[in-house]
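All remarks here apply to the structure that follows.
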Amino acid sequence: MSSRPEHSILISPIGELSTELIEEIRREIKRIFGFSIEITPILEDLTFALDADRHQYHSTLILEQLAARMPPKAKKVLAIAQVDLFIPILTHVFGEAQLGGSACIVSTFRLNEGHSGMVVPKKYMDRIIKEAIHELGHTFNLRHCPDHTCIMHYCRNEQDVDRKSDQLCRYCKIMLEDEIKRLGV
Ligand SMILES: [Zn+2]
Ligand SMILES: [Zn+2]
């Protein structure tokens, strides 16, 4: 896929994250989406989204803040967080996205099974990358895909994430190309 230098996807790390992880995510996003990638934190403090009873962070509120803070050049923003995320109808989420919108987030919290440290084992790295691409896919209007191997397949747990590939299926790839054309970038 050709590069689209005038439009970028912004990666916004929240808190101290492994630079190796961020670099891997950058590379894989470039591979799938073809945009130039910028890495700039645009949101640091998540206390506004903390639910005191659940001790978790409401991801929908975080997405609203991210979208509001996006620099004009950026087409999409992907935040990478380390806190436990939720939406009210679910016990937790790996991430969330604005479908066909501009913001998405993925959290390492569940995907790394509580592992902390600046060196991220490959198994966790692969999961986090897959879910980052998955959430970003939603911002390009991709829906959940019935193909178990497709990166847009919905995963209930970490094992489901491990089972799927790091690729879009042929159908989702065409949908992504159409959406990028429609955006006129
Ligand atoms: Zn999804
Ligand atoms: Zn698919």
Could you please give the count of residues in segment 104-137 that are within 9 Å of the chain's Cα centre (by Cα) and either within 14 Å of ligand 1 (Cβ to nearest atom) or closer than 20 Å to E177 by Cβ (or both)? 12
Sole residue being open to solvent by less than 80 Å² (accessible area, probe 1.4 Å), part of a helix (DSSP H, G or I) and more than 16 Å from ligand 2 (Cβ to nearest atom), chosen from I37, I62: I62
Looking only at segment 165-181, decide whether some residue is within 14 Å of ligand 1 (Cβ to nearest atom) and of a type in the set (G, A, S). no
Output the residue which, of all residues in segment 138-157 that are in contact with a helix residue (DSSP H, G or I) (Cβ under 9 Å, 6 or more places away or on another chain) and open to solvent by less than 40 Å² (accessible area, probe 1.4 Å), is nearest to I180 (Cα to Cα). F140
Qualifying positions in segment 88-100 - outside any strand (DSSP E or B) and either surrounded by 15 or more Cβ atoms within 10 Å (Cβ to Cβ) or in contact with a strand residue (DSSP E or B) (Cβ under 6 Å, 6 or more places away or on another chain) (or both): H92, F94, Q98
Within segment 18-63, track down each residue that is more than 26 Å from L168 (Cα to Cα) and free of Cβ contacts under 8 Å to residues at least 24 places away in the same chain. D45, T47, F48, A49, L50, A52, D53, L61
Turns out the helices (runs of 4 or more DSSP H) fully within segment 104-173 with at least 2 residues that are small (G, A, S), under 14 Å from F33 (Cα atoms) and touching a residue at least 24 places away in the same chain (Cβ under 8 Å) are 122-139
Apart from one, (1) among the aromatic types (F, W, Y); (2) within 16 Å of ligand 2 (Cβ to nearest atom); (3) at pLDDT below 95 all hold for Y124; the odd one out is (2)
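The values are calculated or read from the model by the stated rules, or taken from the named source; none is laboratory data. Quick caveat, the model's predicted, so the values are computed rather than measured. Positions of Cβ are backbone-derived with ideal geometry, glycine not excepted, and every protein chain shown enters the neighbour counts. Accessible surface is based on the protein model in full, side chains and every heavy atom, while ligands, DNA and RNA are left aside. Shrake-Rupley method; radii C 1.70, N 1.55, O 1.52, S 1.80 Å.
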